[in-house]
Amino acid sequence: MNRPGLRARVEAARAGREQEGLLRRARTCDVLGGGRRVVGGRILTDFCGNDYLGLAGHRDLVAALTRAASAEGVGTGAAHLVSGHRGEHAALEHELAEWTGRQRALLFSTGVMANLGTLQALLGTAVHGRERALCVQDRLNHASLIDGASLADAELARYPHADADAAARQLDARPTRPALLATDGVFSMDGDVAPLARLATVCAERDALFYVDDAHGLGVLGPRGAGSVAAAGLGARDVPVLMGTLGKAVGCAGAFIAGDADLIEAVAQFARAYIYTTAMPAALAAATRAALRLVREDVDGRRERLRANVARFRAGAAQLGLGLMPSDTAIQPLVFGATTAAVDAARQLEQDGFLVVAIRPPTVPRGSARLRVTLSAAHTPDRIDALLDALGRLSARRQAAAV
Ligand SMILES: Cc1ncc(COP(=O)(O)O)c(C=O)c1O
């Protein structure tokens, strides 16, 4: 038989990535306090993580996790719908629903799984028969939203970034298809906020279900940190499907989908990434409940500290003439364009004591490789100033090399 080899094909793809300088490597980053990491024996300040409120190592979370693990063990040993659903999960789902102003929330083990599972359940031909649904999405949406539409075998129509009129045109072009419009609330690689109010109107006028992935807004934006949707003054009627992750500002891991009770029940019945996987450890749910208390009350002013850090970074970058993107959130990208330029910049920052990983295609469009600087309430003003100094030196070197 002369079947082409799968191994040869995947090796050729990997070698192609290597040739283009696009290989990624996991580096071991051990944790010190204050957003610092030990990487390759050196101490670096992490300016590329998503622990926006600096809660991942908080003593309340650690205490809740260890207490629950001592009582209940580590693994749940079964899926939620078998025998893996614990009191901690039920309480966390209840609290997430209450926090986000929805009737019900459903836990998933990761944000990727929440997007894949929910879109597959809501749009999937395997669930709903042969008629393909329409899934309209922002061009810069997270990969798992795009993959969710493919998994559902939905017709995917992408609109130019943040262009609500173009989104409306996509829906108008297919008026007879059942439709869902999905967007990141805060865009993960650009840091800007989606035009949520306009998109909600577009959806309401066209009977399309509106789905917001608020991975980077939850905990950070809006009253009580309830996210970008609440910050835009929108509620459950405007955004019937809200997805949030628990591994970023909430400092834990996992994700949830929230909405009205009927819709969430349907997701629970059909989402394969929910049904066929082991429930997250109950101790993690307990830690997440402790984190939610801190996020909602914010007694030690972490959101304000983060806001001040973002403002300090932006003001310093403007003084240095660094071309930041228009973002007011914790995500502050510096676009270099060429992959090699972004990788070189990351390397030089590392020599200066900063961990800021270069983000390259295919995570971002070709020609827009960048340093995705992220800020946290855990950063001290002097570390932000030191990063700005390093970026200033980098920029001066680049300018000198250009003349
Ligand atoms: C917008 C967005 N959605 C979903 C996810 C996936 O979340 P998780 O890391 O919990 O799988 C991410 C992760 O970076 C994200 O940025």
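The values are calculated or read from the model by the stated rules, or taken from the named source; none is laboratory data. All figures in this text were calculated on a predicted structure; none of them were measured in a lab. Glycine gets a Cβ as well: all are built from the backbone with ideal geometry, and neighbour counts include every protein chain shown.
Per-structure values
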{"quantity": "Test: GLY301 is at positive phi and at pLDDT 95 or above", "calculated": "yes"}
{"quantity": "Set ARG177, ARG169, ARG158: member being in a helix (DSSP H, G or I) and of a type in the set (D, E, K, R)", "calculated": "ARG169"}
{"quantity": "Selection count, the range 255-278, where residues are assigned to a loop (DSSP other than H, G, I, E, B), surrounded by fewer than 24 Cβ atoms within 10 Å (Cβ to Cβ) and within 16 Å of the ligand (Cβ to nearest atom)", "calculated": "1"}
{"quantity": "Every pair of residues 6+ apart whose Cβ atoms lie under 8 Å, when the first sits in the range 295-320 and is in contact (Cβ under 8 Å) with a residue 60 or more places away in the chain and under 16 Å from ASN50 (Cβ atoms) while the second is small (Gly, Ala, Ser) and part of a helix (DSSP H, G or I)", "calculated": "VAL295/GLY225; ARG303/GLY225"}
{"quantity": "Elements of type strands (runs of 3 or more DSSP E) in the range 28-127, at least 2 residues being away from the ligand (no atom under 16 Å from the Cβ) and without any contact (Cβ under 8 Å) to a residue 60 or more places away in the chain", "calculated": "29-31, 36-39"}
{"quantity": "Conditions (1) within 16 Å of the ligand (Cβ to nearest atom); (2) closer than 20 Å to GLY191 by Cα; (3) part of a strand (DSSP E or B); (4) hydrophobic (A, V, I, L, M, F, W, C): number failed by VAL335", "calculated": "(1)"}
{"quantity": "Matching option when the condition is small (Gly, Ala, Ser) and out of contact with any strand residue (DSSP E or B) (no Cβ under 9 Å at 6 or more places or on another chain), among SER150, SER83", "calculated": "SER83"}
{"quantity": "Residue within the range 6-15 that is part of a helix (DSSP H, G or I) and under 27 Å from HIS216 (Cβ atoms) present", "calculated": "no"}
{"quantity": "Residue check, ALA290 closer than 30 Å to ARG397 by Cα, in contact (Cβ under 8 Å) with a residue 24 or more places away in the chain and out of contact with any Ser or Thr (no Cβ under 9 Å at 6 or more places or on another chain)", "calculated": "no"}
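One line per residue, one yes/no per condition, for (1) over 20 Å from ALA345 (Cβ atoms); (2) touching a helix residue (DSSP H, G or I) at 6+ places or on another chain (Cβ under 8 Å); (3) at pLDDT below 95:
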{"residue": "ALA15", "(1), (2), (3)": "yes, no, no"}
{"residue": "ASP46", "(1), (2), (3)": "no, no, no"}
{"residue": "THR76", "(1), (2), (3)": "yes, yes, no"}
{"residue": "LEU81", "(1), (2), (3)": "yes, yes, no"}
